[in-house]
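Comments concern the structure below.
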Amino acid sequence: MFRAFFIFLFLSMIVYGEANKSRESKKDSILSDIIANSSISDSPIPDLPPLDIVHDGESLTCYPIKIIKQKYHEDRVQYYCLSSNIKISDSDMAETIDKDHGQAATEKLIEAVKDKVDKGNTYNVDILLSDAKRGSWAAFFLKRELKNKGIVSKIIDTLLPAKYYISLRPQLASSGDQESLKLRDGGSRGGFFYYREFENELEIMLQYEAGIDFNNNVPFINISDGDNSSRRLSYTSLIYHGYSIVVGKYWSAYYDIAGFTDNYMAFGAQSSGAFNNSTDGSESGTGRPDRVVQIKTKQERYNINLQYQPTHPSSGNIDSDYSYGLAASFIYKYSDFIRMGISASYAKFDDITPSMNSIGIDGDDQSYIAGFVYMKDRYSIKTTLSYTKNHTNDNEGHYFDSLGAELFLRYDISDSIRIAGGGNWMIPTDDEYLGKYRIRSNILSLQYTFGNKTYSDLVYIEVSTPRGRLANGDSLDISLAVGMRYLFSR
């Protein structure tokens, strides 16, 4: 217990120290924007003027951002050079709405890449401190250093409009059936996202994301962060005038609605049916299905998603493969603040075997869900209601038909502090089910975001008070999680 606590405390100090690098006071100048959007240490900004130069036919403004201390040689000055006609956007800093899962997370990545492209070419270059103090000669030395930049760096900076990211998510948490807090991985992940828009308005994007489990001996708390493998997402998509096709492993059409309420840090996502059978919902097609094909349209007032998943194996205690899977979702946007949607998922088994009958499966896998979202300024109300057949199982592996509901309420006390609450509830509706399994969990979460205040970097404490039952009728203890999330991205 104490060992886990000190390990967590050590990680907290490291990440907190990194977070402090982005906490410098915001000035109304482009220099402060550069600091806020870059991984720059908290060393003093050099007392040197910005320099205007021309490189490869492009006008650049180079800002001194850091003194590089040398032990045996002369100190150097690091400059950040970018197009003279643009300014780093503050749009990310204004974004405080949850965009961590599903299509919303994809859209956030697209905007990040677009913002990166809009800035044009950017360069980090350093010169001797004595040269930087030589007035107009400093620009000459900067231009010389830029010409010496390697081809690999130029390719990364100019030819690849992509986003690289790692989100570290350590947590100290206890589940309802374990008394002590344990150091866990709260769904850490890293990936690569590529997006490009061509002159004919065709857009292409691809993403690969893998889980980073630094403590794989301890299970996940939030089932939506679990995986059948380390691969979370791997897909390619083509988009043209609001219509798109997605091929690979991606968030399901069912999750378009189930994701409405999957916003808690450690607990939640238990009642929607998105992540069933202790998996990421790949086999049933309700979570992050693999080998999937989706045809989607995104219009001003509505979104439609049609999904097909070909023959694929089952998992766990099911001894029949899936012949195919179908799913669809429809989201209606009533206003800028209100949207609602429905989804259905159907997974066809090759056979219903005697062993499947013995655990409660008497037909094909079916899931239905409806959801509602109200979001305005500092408030949000999100809720889902779901019904499943041959899809949900208890802690002993027995399946039953179920009715589930989830609720997520949010209030931002300030730009940095958020309080959230709600819960997950699920009851069996199958008369043949003999177990006593129920989900009745109330959840309360307090979050503090730092850095750019996008809730990608935060610390939190979250409590779940379960009043449900395990299959044998046993009750569960209160669950607690204390953790953080910190995003490194380029």
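So the values come out like this:
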read-out	value
Residue in the range 397-413 that is surrounded by fewer than 17 Cβ atoms within 10 Å (Cβ to Cβ), assigned to a strand (DSSP E or B), among the basic types (Lys, Arg) and touching a residue at least 12 places away in the same chain (Cβ under 8 Å) present	no
Qualifying residues in the range 241-253 (those that are surrounded by fewer than 19 Cβ atoms within 10 Å (Cβ to Cβ) and assigned to a loop (DSSP other than H, G, I, E, B)) - the one farthest from the chain's Cα centre (by Cα)	His241
Verdict on Leu238 being at pLDDT 80 or above, part of a strand (DSSP E or B) and touching an Asp or Glu at 6+ places or on another chain (Cβ under 6 Å)	no
Residue list for the range 254-307, restricted to those being in a loop (DSSP other than H, G, I, E, B), of a type in the set (S, T, N, Q) and within 21 Å of Asn390 (Cα to Cα)	Gln270, Ser271, Ser272, Asn276, Asn277, Ser278, Thr279, Ser282, Ser284, Thr286
Hits in the range 317-336 - residues which are within 22 Å of Lys296 (Cα to Cα) and not charged (D, E, K, R)	Tyr324, Gly325, Leu326, Ala327, Ala328, Ser329, Phe330, Ile331, Tyr332, Tyr334, Ser335
Residue within the range 358-378 that is out of contact with any strand residue (DSSP E or B) (no Cβ under 6 Å at 6 or more places or on another chain), surrounded by fewer than 23 Cβ atoms within 10 Å (Cβ to Cβ) and part of a helix (DSSP H, G or I) present	yes
Complete set of residues in the range 52-100 that are at pLDDT below 80 and among the small types (Gly, Ala, Ser)	Gly57, Ser83, Ser84, Ser89, Ser91, Ala94
The range 414-436 - residue that is at pLDDT 95 or above and surrounded by 18 or more Cβ atoms within 10 Å (Cβ to Cβ) and, of those, nearest to Thr449 (Cα to Cα)	Arg418
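To keep it simple, each residue is scored yes or no on (1) of a type in the set (S, T, N, Q); (2) out of contact with any Leu (no Cβ under 7 Å at 6 or more places or on another chain); (3) at pLDDT below 95; (4) within 19 Å of Ala347 (Cα to Cα).
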residue: Tyr254; (1), (2), (3), (4): no, yes, no, yes
residue: Asn277; (1), (2), (3), (4): yes, yes, yes, yes
residue: Gly285; (1), (2), (3), (4): no, yes, no, yes
residue: Asn303; (1), (2), (3), (4): yes, yes, no, no
residue: Tyr308; (1), (2), (3), (4): no, no, no, yes
residue: Ser314; (1), (2), (3), (4): yes, yes, yes, yes
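The values are calculated or read from the model by the stated rules, or taken from the named source; none is laboratory data. Since the model is a prediction, treat every value here as computed from it, not as a measurement. Cβ coordinates were reconstructed from backbone atoms using ideal geometry, including for glycine residues, and neighbour counts include every protein chain displayed.
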